1. Looking at the stretch 33-49, which of its residues are open to solvent by 60 Å² or more (accessible area, probe 1.4 Å) and either modelled with pLDDT under 95 or assigned to a loop (DSSP other than H, G, I, E, B) (or both)?
2. Go through T22, T67, T41 for me and flag whichever is hydroxyl-bearing (S, T, Y), over 17 Å from E8 (Cα atoms) and within 16 Å of the ligand (Cβ to nearest atom).
3. Kindly indicate the residue of the stretch 50-64 that is open to solvent by 80 Å² or more (accessible area, probe 1.4 Å) and more than 16 Å from the ligand (Cβ to nearest atom) and also nearest to N27 (Cα to Cα) among those meeting that condition.
4. F29 passes all but one of (1) open to solvent by 60 Å² or more (accessible area, probe 1.4 Å); (2) within 16 Å of the ligand (Cβ to nearest atom); (3) without any contact (Cβ under 8 Å) to a residue 40 or more places away in the chain; which number fails?
5. Condition test on R76, is it in contact with a Pro (Cβ under 7 Å, 6 or more places away or on another chain), basic (K, R) and open to solvent by 30 Å² or more (accessible area, probe 1.4 Å)?
6. I'm trying to understand the selection: among the residues of the stretch 3-26, which are outside any helix (DSSP H, G or I), open to solvent by 40 Å² or more (accessible area, probe 1.4 Å) and closer than 18 Å to W55 by Cβ?
7. Can you find, within the stretch 7-33, the residue that is farthest from L47 (Cα to Cα) among those that are more than 11 Å from the chain's Cα centre (by Cα) and β-branched (V, I, T)?
Amino acid sequence: MLDHIIPEVAGGLGVWENLCVTCHSCNEFKGAQMDTADPLTGVRVALFHPRRQRWREHCRWSADGGTLVGLTPVGRATIVAL
Ligand SMILES: [Zn+2]
């Protein structure tokens, strides 16, 4: 399904630059969120932007492949949010 990176309620448009493919669960969890707290520092940061950032710079899989690990405030916050 397509998700608005900047939610429609926040003025995000239905244009290609503001849309990304997501699964239903991530879409539901994200909702209208644009930022959330980094669980390590408590500082609010913007969620991962799939069109402007590279996933591998912010997250990686655990050694057993069962858990996503946030490498940056953006990565940690996005994992918590979604
Ligand atoms: Zn998902």
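The values are calculated or read from the model by the stated rules, or taken from the named source; none is laboratory data. Bear in mind the structure is a predicted one, so any value in this text is a computation, not a measurement. A quick note on method: Cβ atoms are made from the backbone with ideal geometry, for glycine too, and the neighbour counts reach across all protein chains shown. Ligands, DNA and RNA are excluded from the accessible area calculation, which covers all protein heavy atoms including side chains. Shrake-Rupley method; radii C 1.70, N 1.55, O 1.52, S 1.80 Å.
1. Within the stretch 33-49, M34, P39, L40, T41, V43 meet the criteria.
2. Selected residue: T67, the only one of T22, T67, T41 that is hydroxyl-bearing (S, T, Y), over 17 Å from E8 (Cα atoms) and within 16 Å of the ligand (Cβ to nearest atom).
3. Filtering the stretch 50-64 for residues that are open to solvent by 80 Å² or more (accessible area, probe 1.4 Å) and more than 16 Å from the ligand (Cβ to nearest atom), the one nearest to N27 (Cα to Cα) comes out as R51.
4. Unmet for F29, out of (1) open to solvent by 60 Å² or more (accessible area, probe 1.4 Å); (2) within 16 Å of the ligand (Cβ to nearest atom); (3) without any contact (Cβ under 8 Å) to a residue 40 or more places away in the chain: (3).
5. Working: in contact with a Pro (Cβ under 7 Å, 6 or more places away or on another chain): yes; basic (K, R): yes; open to solvent by 30 Å² or more (accessible area, probe 1.4 Å): yes.
It is true that R76 is in contact with a Pro (Cβ under 7 Å, 6 or more places away or on another chain), basic (K, R) and open to solvent by 30 Å² or more (accessible area, probe 1.4 Å).
6. If the condition is that a residue be outside any helix (DSSP H, G or I), open to solvent by 40 Å² or more (accessible area, probe 1.4 Å) and closer than 18 Å to W55 by Cβ, then V21, C23 are the ones that fit.
7. V15
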